[in-house]
Amino acid sequence: MKSMGVASLRVPGTHEHPAPSNGCPPHYGAPPSATMPVGPGRRYSASMTDAAGSQAAGAASSRPLVVGVVADVPDVVITEAGTLAADLGTPLVFVTVEPLRYSISTLPDGSVLSMPLDPDVADTQEESFDPDLATRIRQLVPTADPSFIARAGDPAIELARFAEERDARAIAVGTRKPGFRASLEEFLAGSIAVSLAHNQARPVIVIPVAHTIEGHDPARHGAQPDAS
């Protein structure tokens, strides 16, 4: 992604982000992360539960589980993330990333001011989390007390950056719904999970939705996934 030649905006209490240059995720000089697929009704790897168990008894970690979501994220991604956060005793933070804009500065709460990729449009705005999505998440994980953050830019870069800012325990993302178009988009655009696993140091948890089809979300309807 080439720089748009727009001057950075300084806002008190914020720090600047450089405008995107080549669109490539930053490499933090750390070995690739462990990628751990999980699914409905399954428990998680011993390495992560052992890490939670190393804390003092009854003490919850302040390091959150960061969950990347989009407006139409399947319910199963939300509920599985909630279960994992509860197992680890970690806070739960859901993050959306607007890919058609880029961050120019970060606000104290972790949200950002952004500019559009189109250099002919001067439209600085504060990114905000979709209130309808926030309501749905609260309904699906009512005991989790989740937080919500909106960012802008390359999703993998922004998720990694936010996880670094919060010293996150791990980053969770869901796979796409099945279908040829989704598979083609995944091939052309590259996998966010793969990019995260290769370009930052935190564990990456992939929540599969291969058995979540239109009108049949196991987490929402209480049905068992299709075994085929």
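The values are calculated or read from the model by the stated rules, or taken from the named source; none is laboratory data. The shown structure was predicted, so the numbers you read here are calculated from the model rather than taken from an experiment. No Cβ is skipped: glycine too gets one built from the backbone with ideal geometry, and neighbour counts run over all protein chains shown.
Observations
- Filtered by the rule that a residue be crowded, with 16+ Cβ neighbours inside 10 Å and at pLDDT 85 or above, the range 199-223 gives ASN199, GLN200, ARG202, PRO203, VAL204, ILE205, VAL206, ILE207.
- Total residues in the range 136-148, condition touching a Phe, Trp or Tyr at 6+ places or on another chain (Cβ under 9 Å) and modelled with pLDDT under 95: 0
- Residue ID - surrounded by the fewest Cβ atoms within 10 Å (Cβ to Cβ), chosen from residues in the range 142-168 that are assigned to a loop (DSSP other than H, G, I, E, B) and of a type outside the set (A, V, I, L, M): THR143
- The set of residues in the range 94-110 that are touching a Phe, Trp or Tyr at 6+ places or on another chain (Cβ under 8 Å) and either surrounded by fewer than 20 Cβ atoms within 10 Å (Cβ to Cβ) or in a loop (DSSP other than H, G, I, E, B) (or both) contains only GLY110.
- Single match in LEU133, LEU117 (criterion: modelled with pLDDT of 90 or more and hydrophobic (A, V, I, L, M, F, W, C)): LEU133
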